[in-house]
Amino acid sequence: MQHGKYRFIVGFLALPLGLYALFVVWPFIQSIYYSFTDWTGLSPEFKMVGFDNYTRMLHDDIFWKSLEHSLLFALVLPLVTISLALFFAFMINVGGRRRRGGPVISGVRGSSFYKIVYFFPQVLSIAIVALLFQFAYNPDSGAVNSILRGIGLDSVQPLWLGDPNLALWCVMAVLVWSTVGFFVVLFSAGMASIPAELYEAALLDGASRATTFFRVTLPLLWDTVQSGWVYMGILALGAESFAVVQIMTTGPGGPDYSTTVLVLYVYQKAFRDGQAAYATTIGVALLVVTLAFAAIVMRLGRRERLEY
């Protein structure tokens, strides 16, 4: 059994690790290298400029505003999305009342239908979701203000995406709506693997739904929640936030840079302004922020593994 074990393992890992190094690690190394140059992205010629790009970045007000928005995304979006997904998943799988002749532990009535409804946004492309909500937020003909007028709130007609104080929160609401269904399904699968005997014992002890959730469900589901938190944070810092801000907002990133995030700023500097080297510098900063976020979540969420 031991003979040739390591050659067998290396044989299986060599190809995937090689692909990962080629398409993930090597681009990161290239980005760090180009961040020390004045490369425009439009010409093969460039020269080394040392830390000039990093000095410029530290004195760039738009960079700091973008960083603030990205950090807000990374803090608020996982908290809201994971909390809603846990609540919905708990109600769908465990939160129903016992029905005569049915199982002791069950979800609310129509739980199968709710699973489909919650997961439906995942079927849609994020670009389509952003376009739909862009129309919905239109202050003149959009669905949101039309509903407000329909219920007699004619005096409450916000500009939504045109208001610097509301635009960022409107974008975050769209991201929550589009991603919460995925985590509902993820947590539902995790809850389905928890033995029903544990819930039955909690009910016999007179535990309420809230007590059952915090004392039984959440501890046993913690590893899944932690992984989901990291994944949602990466989405909030990366492609999902870029797509929604790029499509929905004026500018994009407006008004007055009120919705600009780091990943959008990287794109604008590289492809709009022809400053690829400076864009890679901001990309390195985004890499550091993403790694720091994942490390902090994994460190703060570390706890003893519970087995059942």
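Within the stretch 186-221, being touching a residue at least 60 places away in the same chain (Cβ under 8 Å), farther than 20 Å from Thr81 by Cβ and outside any loop (DSSP other than H, G, I, E, B) holds for Ala192, Ala196, Leu198, Tyr199, Glu200, Leu203, Arg209, Thr212, Pro219, Leu220.
Out of all the residues in the stretch 133-150, which are open to solvent by 90 Å² or more (accessible area, probe 1.4 Å) and under 29 Å from Val184 (Cβ atoms)? Scanning the stretch 133-150 gives Phe135, Ile147. Here is a check on your reading of the model: is Val284 closer than 15 Å to Pro78 by Cα, among the aliphatic types (A, V, I, L, M) and either surrounded by fewer than 21 Cβ atoms within 10 Å (Cβ to Cβ) or in contact with a Cys (Cβ under 7 Å, 6 or more places away or on another chain) (or both)? It is false that Val284 is closer than 15 Å to Pro78 by Cα, among the aliphatic types (A, V, I, L, M) and either surrounded by fewer than 21 Cβ atoms within 10 Å (Cβ to Cβ) or in contact with a Cys (Cβ under 7 Å, 6 or more places away or on another chain) (or both). Restricting attention to the stretch 139-162, the residues being aliphatic (A, V, I, L, M), assigned to a loop (DSSP other than H, G, I, E, B) and farther than 16 Å from Ala173 by Cα number 3. The condition of being within 30 Å of Leu220 (Cα to Cα), modelled with pLDDT under 90 and surrounded by 16 or more Cβ atoms within 10 Å (Cβ to Cβ) holds for only one of Ser188, Ser178, that being Ser188.
The values are calculated or read from the model by the stated rules, or taken from the named source; none is laboratory data. Since the model is a prediction, treat every value here as computed from it, not as a measurement. Virtual Cβ from ideal backbone geometry, glycine too; neighbours counted across all protein chains shown. We work out accessible area using only protein heavy atoms, side chains counted, and drop any ligands, DNA or RNA first. Shrake-Rupley method; radii C 1.70, N 1.55, O 1.52, S 1.80 Å.
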